[in-house]
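A short write-up of the structure that comes next.
The values are calculated or read from the model by the stated rules, or taken from the named source; none is laboratory data. Computed from a predicted model, the values in this text were never measured in an experiment. So basically every Cβ, Gly included, is an ideal-geometry build from the backbone, and we count neighbours across all protein chains shown.
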Amino acid sequence: MKVTILGCGGSAGVPMLGGEDGHGIWGRCDPAEPKNRRSRASIFLEMANGENILVDTSPDIRAQLLTNGIKAFRSIFYTHAHADHIAGLDEVRGINRIIRQPIKAYGAASVLDEIQTRFDYVFKPWTSPEFFRAVVEACPVPEQGQFEMAGYPFTVFQQAHGRIHSSGLRCGNFAYSTDVVELGPESLAALAGVETWIVDCFQQKPHSAHAWLERVVEWQDILQPRRTILTHMGTDMDWRWMKNNLPDTMEPAWDGMTLSVDEPAPISARASVSCS
């Protein structure tokens, strides 16, 4: 399985809008370091069976897909319904036109319901042959447990994210945990044995809704993944500082970073998720 980190920034990206000259607020991030320029958090999974999965439709999704040469996928997984993870949904109309069919949108039922309140027209039944709007089909998954997506077994687990919960996603020995500040016992159990973990680390000091550096180090000591990659990083997280100061098993992501990870065997019979 190939994993592409399309974006690894927080909700405002890096740089944030503003600054004395109007060219952005960089905080501690060095503007001269290209890997400090971060779009909103999203990843893309390319599976061995030929299926592709987009995780979240950030406001930057059009540029992310073009930059990384991505032109087709039939599945989207939503971690939660905050704007920086769903606001680019309209952009998948171009993908509908390429694949000539609706896209399956997976996520917790409450998440899909909230997305539908904002993008109700996207979830309306498609009338062939034209795509004058984006078209997706809602595929609710459990809040905690296993489900099938794109022909593979996945595990979803709940994550505390301030006032709401987000969904963590695991496939084989790979897991993605954006937008998380606390992990309960069930979720830590779901992550047991993970080898490659992409995890939220917004800043160096404690935050009410996002993990910070010390907390991620604590989780790493518990889970002991072979590789921990930090994402959803704000202006406090300078790439060069992290390269020089993080533990050997931790590293910062950057937009366009790719990973090759093992994937589980595909499922031959699809039956576990109902889409509507």
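Computed values, structure above
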read-out	value
Qualifying residue in region 83-98 (condition: surrounded by fewer than 14 Cβ atoms within 10 Å (Cβ to Cβ), aliphatic (A, V, I, L, M), over 20 Å from the mean Cα position of the chain (by Cα) and under 27 Å from Pro125 (Cα atoms))	yes
Complete set of residues in region 171-180 that are within 12 Å of Val199 (Cα to Cα) and not aliphatic (A, V, I, L, M)	Phe174, Tyr176, Ser177, Thr178, Asp179
Pro59 within 19 Å of Gly234 (Cα to Cα) and free of Cβ contacts under 8 Å to residues at least 40 places away in the same chain	yes
In region 2-53, the residues that are without any contact (Cβ under 8 Å) to a residue 40 or more places away in the chain and either within 23 Å of Cys139 (Cβ to Cβ) or among the basic types (Lys, Arg) (or both)	Gly50
Residue list for region 64-82, restricted to those being among the polar types (S, T, N, Q) and surrounded by 19 or more Cβ atoms within 10 Å (Cβ to Cβ)	Gln64, Ser75, Thr79
Count of residues meeting criterion [over 13 Å from the mean Cα position of the chain (by Cα) and within 27 Å of Lys2 (Cβ to Cβ)] in region 175-187	2
Boolean, Lys35 is at pLDDT 95 or above, crowded, with 19+ Cβ neighbours inside 10 Å, among the basic types (Lys, Arg) and closer than 21 Å to Glu148 by Cα	no
Hits in region 2-32 - residues which are surrounded by fewer than 18 Cβ atoms within 10 Å (Cβ to Cβ) and either under 18 Å from the mean Cα position of the chain (by Cα) or among the aliphatic types (A, V, I, L, M) (or both)	Lys2, Ala12, Met16, Leu17, Ile25, Ala32
Where Thr196 falls short, out of the listed (1) among the hydroxyl-bearing types (Ser, Thr, Tyr); (2) surrounded by fewer than 18 Cβ atoms within 10 Å (Cβ to Cβ); (3) at pLDDT 95 or above	(2)
Pairs, first part of a loop (DSSP other than H, G, I, E, B) in region 117-145, second among the charged types (D, E, K, R), C-beta under 7 Å, six or more apart	Phe131/Arg93; Phe131/Arg97; Arg133/Arg93; Ala134/Asp90; Ala134/Arg93; Gln144/Glu186
Residue identified as assigned to a loop (DSSP other than H, G, I, E, B), among the β-branched types (Val, Ile, Thr) and in contact with a Pro (Cβ under 9 Å, 6 or more places away or on another chain) among Ile229, Ile267	Ile267
Among the residues listed as Ala72, Ala83, Ala105, Ala109, the single one being out of contact with any strand residue (DSSP E or B) (no Cβ under 8 Å at 6 or more places or on another chain) and aliphatic (A, V, I, L, M)	Ala83
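To keep it simple, each residue is scored yes or no on (1) free of Cβ contacts under 8 Å to residues at least 12 places away in the same chain; (2) surrounded by 19 or more Cβ atoms within 10 Å (Cβ to Cβ).
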{"residue": "Ala175", "(1), (2)": "no, yes"}
{"residue": "Pro185", "(1), (2)": "yes, no"}
{"residue": "Ala189", "(1), (2)": "yes, no"}
{"residue": "Gln204", "(1), (2)": "no, no"}
{"residue": "Ala211", "(1), (2)": "no, yes"}
{"residue": "Asp221", "(1), (2)": "yes, no"}
{"residue": "Trp239", "(1), (2)": "no, yes"}
{"residue": "Asp248", "(1), (2)": "yes, no"}
{"residue": "Ser260", "(1), (2)": "no, no"}
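Let's see how each residue does on (1) at pLDDT 95 or above; (2) part of a helix (DSSP H, G or I); (3) over 29 Å from Asp262 (Cα atoms); (4) of a type outside the set (A, V, I, L, M):
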position	(1), (2), (3), (4)
Ile5	yes, no, no, no
Gly18	yes, no, yes, yes
Thr57	yes, no, no, yes
Leu65	yes, yes, no, no
Gly94	yes, yes, yes, yes
Ile115	yes, yes, yes, no
